[in-house]
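First the structure, in the form of structure tokens, and then the observations on it.
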Amino acid sequence: MDAVLVPAPKLEALVRDIFIAAGGAPEEAAGIAQHLVGANLAGHDSHGVARVPRYVDWLKQGFVHFGRRPRIVMDGGAFALLDAEFGFGQNVAAEATRLGIERAQAHGAAVIALRHAGHVGRIGHYAEMALEAGLISLHIVNVAGSTLVAPFGGAERRFSTAPIAIGAPIEGRPLVLDFATSLVAEGKVLVASNGGKPLPPDALVGPDGALSGDPHMLYGDYPPVGLRNPGNGPGAIRAFGDHKGSGLALMCELLAGAFTGGGCAGPGGAGPGGERGRIANGMLSLYLSPAHFGTAEEFQRSAREYADWVASARPIDPARPVLLPGEPEARTRAERLAQGVPLQPDTWAGLLRTAQALGVMEEA
Ligand code: NAD
């Protein structure tokens, strides 16, 4: 079936109204909606509005809460440890990022460790916030309570999809590298299970070690429209990049999970606080101000020259020039802002069903 094209402002208003109806304050609901639709606009449908039914379910189960602000556990000036106390991820992570930006603007560098955040969504969003303030940033993330990914050479789940993002504020060519350390993000399996873009045939691994691209390997049996539970399937997503990606995933778990105190992906199926089914993001972020280091001019000149040179490499396919990290997202954003956000019919149906269950009427 063809995708449903929804104009971004209409989609954002619908998602905002869903979260208001679910008990959120208008400002918080609007921030979450903006983040989710922003992920769709960037082309990361896995971290967009397809998540809404699951978020509403988590709210009902008390896994995540509106109206919580990160509590400062330890404040060292240029570094701080924050506990989000299971506040809505998009809200608490944005606040942690604002703090990191403020501290880096004061000290030249800042490290912010955030733990116990609800699902924070697309990590590149936080690197983009830092870019707007002229800062370089690095965000190392894990998902406590979510074991989905098999280590290199393994046929059993051990890691979360542990993403990482790095932003470089190059004037005229801002770059954001942002990816999961799994071969595909879990949301991409969700999108594939909703009839969207199929998975690569080697994205998943079964308990017998056989490679697969079938979402049932992660979710077990599921209805065409409705919640998917990654706890139900027999298989795992594979770590990207063989031993290197697998090692990077391990380090993300250690830095974002063990170091922040939010906990690693496992062992065991119980999430933070001992609750089965609850997941929480940990995020260790580093912010650097080239202006404070005295290298702002050199960084801009040298980084721009180098980035342009990298992008000028002769393409293998003349119709597909070399792109730099963040550029596919910028292109998709421009396209989707103009034409609307394409949603898989199952995703759109799930969203409308959630809206109707909460008494939100879709605007005609
Ligand atoms: P992906 O595999 O699509 O890779 C995206 C990165 O690769 C981007 O930096 C993009 O600019 C770059 N890229 C893509 N195509 C390119 C090309 N042709 N040339 C050059 N660069 C290119 O991303 P993913 O691993 O599927 O992750 C998707 C999203 O999921 C990310 O935004 C990530 O933050 C998010 N995520 C979040 C969590 C969480 O717990 N909150 C967990 C996992 C993933």
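At a glance:
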{"read-out": "Whichever residue in region 304-346 is within 10 Å of the ligand (Cβ to nearest atom) and of a type in the set (Gly, Ala, Ser) and, among such residues, is nearest to LEU177 (Cα to Cα)", "value": "GLY326"}
{"read-out": "Within region 236-292, considering residues that are hydroxyl-bearing (Ser, Thr, Tyr) and away from the ligand (no atom under 15 Å from the Cβ), the one nearest to HIS116 (Cα to Cα)", "value": "TYR287"}
{"read-out": "Residue within region 97-104 that is within 13 Å of the ligand (Cβ to nearest atom), out of contact with any Phe, Trp or Tyr (no Cβ under 9 Å at 6 or more places or on another chain) and not aromatic (Phe, Trp, Tyr) present", "value": "no"}
{"read-out": "Residue among ALA349, ALA307 that is assigned to a helix (DSSP H, G or I), closer than 22 Å to ALA165 by Cα and small (Gly, Ala, Ser)", "value": "ALA307"}
{"read-out": "Whichever residue in region 16-66 is within 16 Å of the ligand (Cβ to nearest atom) and among the charged types (D, E, K, R) and, among such residues, is nearest to GLY124 (Cα to Cα)", "value": "ASP45"}
{"read-out": "Among residues of region 148-170, those that are in contact with a Lys or Arg (Cβ under 7 Å, 6 or more places away or on another chain), part of a loop (DSSP other than H, G, I, E, B) and away from the ligand (no atom under 11 Å from the Cβ), counted", "value": "2"}
{"read-out": "Pairs where the first residue, in region 286-312, is surrounded by 11 or more Cβ atoms within 10 Å (Cβ to Cβ) and the second is of a type in the set (Ser, Thr, Tyr) and not in a helix (DSSP H, G or I), C-beta under 7 Å, 6+ apart", "value": "LEU286/SER137; TYR287/SER137"}
{"read-out": "Matching residues in region 137-147 - criterion: being more than 9 Å from the ligand (Cβ to nearest atom) and either part of a loop (DSSP other than H, G, I, E, B) or surrounded by 23 or more Cβ atoms within 10 Å (Cβ to Cβ) (or both)", "value": "SER137, ILE140, ALA144, GLY145, THR147"}
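Quick grid of which residues meet (1) closer than 19 Å to GLY266 by Cβ; (2) among the aliphatic types (A, V, I, L, M); (3) within 11 Å of the ligand (Cβ to nearest atom):
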position: LEU131; (1), (2), (3): no, yes, no
position: LEU135; (1), (2), (3): no, yes, no
position: LEU175; (1), (2), (3): no, yes, yes
position: SER182; (1), (2), (3): yes, no, yes
position: GLY195; (1), (2), (3): no, no, no
position: TYR219; (1), (2), (3): yes, no, no
position: PRO230; (1), (2), (3): yes, no, no
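Bear in mind that the values in this text are calculations on the coordinates, not laboratory data. What you are looking at is a predicted structure, and each value in this text was computed from that prediction instead of being measured. A quick note on method: Cβ atoms are made from the backbone with ideal geometry, for glycine too, and the neighbour counts reach across all protein chains shown.
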